[in-house]
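The values are calculated or read from the model by the stated rules, or taken from the named source; none is laboratory data. All values reported here derive from a predicted model rather than from experimental measurement. With ideal geometry, Cβ positions are generated from the backbone for all residues, glycine too; neighbour counts draw on all protein chains shown.
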């Protein structure tokens, strides 16, 4: 997997300056922070919900930092009843603003950095950090593609500082990497995509609103053929697809960037696939117990529809038997002889008398 070189990250030269992330995963200094104070609470949104952009302004965050906060789970969102995406409640804004150390503490937790900045936080060379990341010792929270379609992984800065502060991790920072792990790295081992998928699955499950949405979370990380083997009912597969979370694909669906994104978002390790399949099966049991997948109404064939037709009060006229002529309905004047014929019969009778 590419991404060893982060061309978009730029570190500030003063390491003691408080930092927060930029759009590309680098950090900015306190002078920049002074222009990003938290906006006052909006009176019009009191008691309601706010769009993510408005929530970012009230929390003193950049829009990309709000996404990181949501991904990491310390900024809770709700579904927009109008179908306009996720929103933030006024109570959630007030909760975060009331925390000790706001807004600097919130910015610190929402900071995500690239590999160069991450290496400086750990105090190791970038090449060593890349080996630690590929071994799965640190977990990325987000990835992007640069103009050359190289994968840029971003890591939570707060988690990196915790890793560096833990004395149990000192051998990874200064010691020699074990020989067997170095051989696996030389063979191409890279656990960054898998670790990101594990973290992303947790995010999707937190966002799920019902059992079918929870079932769609592991299904979204499996190859469609894997899903079809487990979910053999086409109506259930369609219902899962309806609840499938949107992918942040880069470019058109058939573009190289979209294919790279799809490869990262699809499980490829056998034990990871087995784990996701088991998770999907369990979620399906819960989803079916909650509500069956919708199906179209069954249409009866024409012959069955005639049999199902309600009986009427009028009986149909009997069909005529073969060999008999259909009776002709009487017409007006039937039973009376024509005037000329009646006169001839009268003359014959008079002649016989």
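Listed by position, the helices (runs of 4 or more DSSP H) enclosed by the stretch 124-213 that each have at least 3 residues that are farther than 24 Å from residue 70 by Cα are 126-134, 170-174, 179-186.
Filter the stretch 68-85 for residues that are more than 15 Å from the chain's Cα centre (by Cα) and not in a loop (DSSP other than H, G, I, E, B); which is surrounded by the most Cβ atoms within 10 Å (Cβ to Cβ)?
Looking at the filtered set, the residue picked out is 69.
In the set (1) within 16 Å of residue 143 (Cβ to Cβ); (2) touching a strand residue (DSSP E or B) at 6+ places or on another chain (Cβ under 7 Å); (3) loosely packed, with under 13 Cβ neighbours inside 10 Å, residue 264 fails one condition alone, (3). Any idea which of (1) free of Cβ contacts under 8 Å to residues at least 40 places away in the same chain; (2) touching a helix residue (DSSP H, G or I) at 6+ places or on another chain (Cβ under 8 Å); (3) closer than 28 Å to residue 128 by Cβ is the one residue 194 doesn't satisfy? It is condition (1) that residue 194 fails. Consider residue 123 carefully, then state whether it is assigned by TED's automatic domain parsing to the domain that holds residue 157 and over 25 Å from residue 247 (Cβ atoms). The answer is yes for residue 123. Residues being buried (at least 18 other Cβ atoms within 10 Å of the Cβ) and either at pLDDT below 95 or out of contact with any strand residue (DSSP E or B) (no Cβ under 9 Å at 6 or more places or on another chain) (or both): count how many of those fall in the stretch 110-125. Residues in the stretch 110-125 being buried (at least 18 other Cβ atoms within 10 Å of the Cβ) and either at pLDDT below 95 or out of contact with any strand residue (DSSP E or B) (no Cβ under 9 Å at 6 or more places or on another chain) (or both): 4 in total.
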